[in-house]
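The values are calculated or read from the model by the stated rules, or taken from the named source; none is laboratory data. Quantities reported herein were computed from a predicted structural model and do not represent experimental measurements. A quick note on method: Cβ atoms are made from the backbone with ideal geometry, for glycine too, and the neighbour counts reach across all protein chains shown.
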Amino acid sequence: MAQNAAAQQPAAIAAAATPIADKAQDLAHETTVDAGQALTSNQGLKIADNQNTLRAGPRGPALLEDQLFREKMTAFDHERIPERVVHARGAAAHGVFETYASQAAITRAGFLGAGGKKTPVFVRFSTVAGSRGSADTARDVRGFAVKFYTDEGNYDLVGNNIPVFFIQDAIKFPDLIHAAKPEPDREIPQASTAHDTFWDFISLVPESTHMVMWIMSDRALPRSYAMMEGFGVHSFRLTNAQGTSRLVKFHWKPLKGVHGLAWDEAQKLAGKDPDFHRRDLADAIATGDFPEWELGVQVVEEADANRFGFDLLDSTKLLPEEIVPVRPIGKMTLNRNPDNYFAETEQVAFHTGNLVPGIDVTEDPLLQGRMFSYVDTQLTRLGGPNFHEIPINRALAPVHNMNRDGFHRQTIAKGRVNYEPSSIDVPPIREVPAANGGFVTAQVPVAGVKVRHRSETFADHYSQATLFWQSQTPPEQQHIVEALQFELGKLTVPAVRARMLSNLVNVDRELATRVAAVLGVAVPAASPRNGNKRYAPSPALSMIARANPKSVVGRKVAILATDGVDGDGLQAVKAMLVRAGVMVKVLAPHLGSLWSAGGTPVAVDELIVTTPSLVFDAVFVAAGADSVAALRASGDAIDYVREAFRHAKPLGALADGAGLLAAAGISTTGAKVPGVSVASQPAELSQGFIADMTMHRHWDRAVKSALAA
Ligand code: HDD
């Protein structure tokens, strides 16, 4: 008997060792479709009455024995789990990562080992400071966390949309987050850094200055998750089959280019459509406009960790792409929306320690602290140590070990042996040598005396902040200045404002002078600063210099019209835009259909008052004398185009539609205003309105002087 069992086991193990290729298929076992089914209790009991509690007579008190009421109410009372202590608000999607060509020369990671190799992924984007119900468009860093379900186990790249971080050592993380989150006495403000405690902390921690420049830029106001870069932030390690390890920085480059919102727009969106980014992501995927990124690497020899004038173990520094180029190694496509927000997006758990053979961590003191926090936090959030069994977290690679029991255990591990080594089960559960795919830590020498001490190589806190400022185009610099004026203008403690200006002077005197101009404070003298490395400006750090002015696919356009519209003209404009891949909506003062000067009625998609210009990328005014006259007389329509103009969006009109732009004070004659175009026929759109849309925004408009909105 015993011999028989032993003979059968290798086949069983071989079958179990085959990874499932597809996460959707894996999750399918867990999904349930309730529609049309009989209503039951959790035990499968069919329920006859879901309207009335059990009570003593029709007007009598409820009875404690009502197990159906109690089960339902208990489930409801415990529906919520603690939100993430940071990154609480997020949205996610499934997708696939495809490797371009084998990276075996630099890493033995199997999912990077062959051209065309596809790996399922789940990606969660998030804001950091706001709570779960806060607005998507808060000025904040965005989380960019990717879980690769590889054949060798789950690999998590838990990054942000900004390549550097506020602090150098994880021991400061709780302080940073306490300072950034709402102030503890009144829990105000929600999802905003514009308050005393945040800037108090920042002003006392000069290493945060570089990151502050990034969050004051439009990087902190992405137009779409699909239009953000992503960064692994830290230096990680890649190790190849020969055991050679190198340092690597990971980059995600969006194929839609990198674009931002206007600050005024972001604030208004927080009220009008707080779900702006999650809606945009879900809609894009539902309509087949799949967000895509290339994964790129900057690879550096271990010996060069300090060669660039800063320490590659310091997460407040970036490695300029002009010094070490980013080499694309694969493409990620997000192509499927989650079926259930809670089960997938809320319960997904990322961890910097979810590594695969060939990818490892470095001694970066920020990353080292993260290696503890991510599992620890899930114990409270997901209620115990078995969160790896939750379907969205479950590896596609087979899982066999001696971890047992604990709250909410799902797996039923057969047999008596829950330890190793053992001789009772034949063959026993076994370790796997590196040569056969086992994980081994990168063999790098470390030595030292135990100290609480920061390396001198981490001491230069300003040179890269200066690099960032000097790499921005004039409109981007103006946005940084305005953001700092706004944030520091909100402070109630003057000493904090003054201290921040002392930091800014160390970045750039002109920056500090422009910020100080509206704050009513003198520009302080620069204080002695550690390090003064001079970098050549890096165009890669500018969103505008690196804009991707090719495609308008997925952009959203509002066409304004009302009764008396030139229907044929409107349909021709719409057809041209749709052919270019644009999503078009007709907006009018009333729903239903518009009578058309040309005969065919035009269907209305949305009301002008319910769907603000904020949720569109560009606005177009249809032709037709009666339609234009009515819109010119409408304050809502005039505000609509003014607001779009103020937010630097492309504006277009067909023929006499230009009358609405003129009524809003936008010049359509004489010298061309950037991003404003009038077509006499629909065919002219490709050279005018659509060409203007490729630029996404026309930040070079003299916005405030041209139009006091
Ligand atoms: Fe973190 C969540 C990214 C520093 C501790 N972090 C979290 C998420 C992202 C990041 C994207 C959300 C994951 C999700 O969608 O579920 N964190 C970063 C980056 C950092 C960083 C790019 C610096 C380079 N984090 C950091 C430090 C610590 C943490 C220094 C603590 C030592 N982070 C956490 C956490 C969270 C988290 C408390 C909260 C929820 C979670 O982990 O699952 O463990």
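Annotations for the structure displayed:
- Flag if Thr197 is in contact (Cβ under 8 Å) with a residue 12 or more places away in the chain, in contact with a His (Cβ under 8 Å, 6 or more places away or on another chain) and not assigned by TED's automatic domain parsing to the domain that holds Phe342: yes
- Scanning segment 385-396 turns up at least one residue that is among the aliphatic types (A, V, I, L, M) and away from the ligand (no atom under 16 Å from the Cβ).
- Single residue of Gly665, Gly652 found to be farther than 18 Å from Gly569 by Cα, of a type outside the set (D, E, K, R) and outside any helix (DSSP H, G or I): Gly665
- Only one of the numbered conditions (1) of a type outside the set (Gly, Ala, Ser); (2) touching a residue at least 12 places away in the same chain (Cβ under 8 Å); (3) farther than 18 Å from Val557 by Cα; (4) surrounded by fewer than 19 Cβ atoms within 10 Å (Cβ to Cβ) is violated by Pro674, and that is (3).
- Here is the figure for segment 295-330: residues that are of a type in the set (D, E, K, R) and either touching a Leu at 6+ places or on another chain (Cβ under 7 Å) or without any contact (Cβ under 8 Å) to a residue 24 or more places away in the chain (or both) total 2.
- Scanning segment 465-490 for residues that are within 18 Å of Pro537 (Cα to Cα) and either among the hydroxyl-bearing types (Ser, Thr, Tyr) or over 24 Å from the mean Cα position of the chain (by Cα) (or both) turns up Thr466, Leu467, Gln470, Ser471, Thr473, Pro474, Gln478.
- Candidate set from segment 431-470 (those that are of a type in the set (A, V, I, L, M) and surrounded by fewer than 10 Cβ atoms within 10 Å (Cβ to Cβ)); member that is nearest to Asp151 (Cα to Cα): Ala435
- Test: Val158 is surrounded by fewer than 24 Cβ atoms within 10 Å (Cβ to Cβ) and either at pLDDT below 95 or among the β-branched types (Val, Ile, Thr) (or both): yes
- Cross-chain or 6+ apart pairs with Cβ under 6 Å, segment 224-238 first and on the phi > 0 side of the Ramachandran plot, then at pLDDT 95 or above and among the β-branched types (Val, Ile, Thr): none
- Residue count for segment 259-314, restricted to those that are outside any loop (DSSP other than H, G, I, E, B) and either among the acidic types (Asp, Glu) or within 21 Å of Asn161 (Cβ to Cβ) (or both): 28.
- Filtering segment 334-357 for residues that are within 30 Å of Ser542 (Cβ to Cβ), in contact (Cβ under 8 Å) with a residue 24 or more places away in the chain, assigned by TED's automatic domain parsing to the domain that holds Ser102 and among the acidic types (Asp, Glu) leaves an empty set.
- Residues of segment 677-705 that are buried (at least 18 other Cβ atoms within 10 Å of the Cβ), at pLDDT 90 or above and β-branched (Val, Ile, Thr): Val678, Ile690.
- Some residue of segment 175-196 being of a type in the set (S, T, N, Q), more than 16 Å from the ligand (Cβ to nearest atom) and assigned to a helix (DSSP H, G or I): no
- Single residue of Ala547, Ala536 found to be surrounded by 15 or more Cβ atoms within 10 Å (Cβ to Cβ), within 30 Å of Trp293 (Cβ to Cβ) and of a type in the set (A, V, I, L, M, F, W, C): Ala547
- Here is the figure for segment 221-264: residues that are more than 16 Å from the ligand (Cβ to nearest atom) and over 11 Å from the mean Cα position of the chain (by Cα) total 21.
- Taking the criterion of being of a type in the set (Lys, Arg) and either surrounded by 13 or more Cβ atoms within 10 Å (Cβ to Cβ) or at pLDDT below 95 (or both), the residues of segment 357-416 that qualify are Arg370, Arg381, Arg394, Arg409, Lys414, Arg416.
- Filter pass, Gly57 being surrounded by 11 or more Cβ atoms within 10 Å (Cβ to Cβ) and at pLDDT 95 or above: no
- Pairing each residue of segment 408-428 that is within 21 Å of Pro385 (Cβ to Cβ) with any residue that is of a type in the set (Gly, Ala, Ser), provided the two are 6+ apart or on different chains, yields C-beta distances under 7 Å for His408/Gly383; His408/Gly384.
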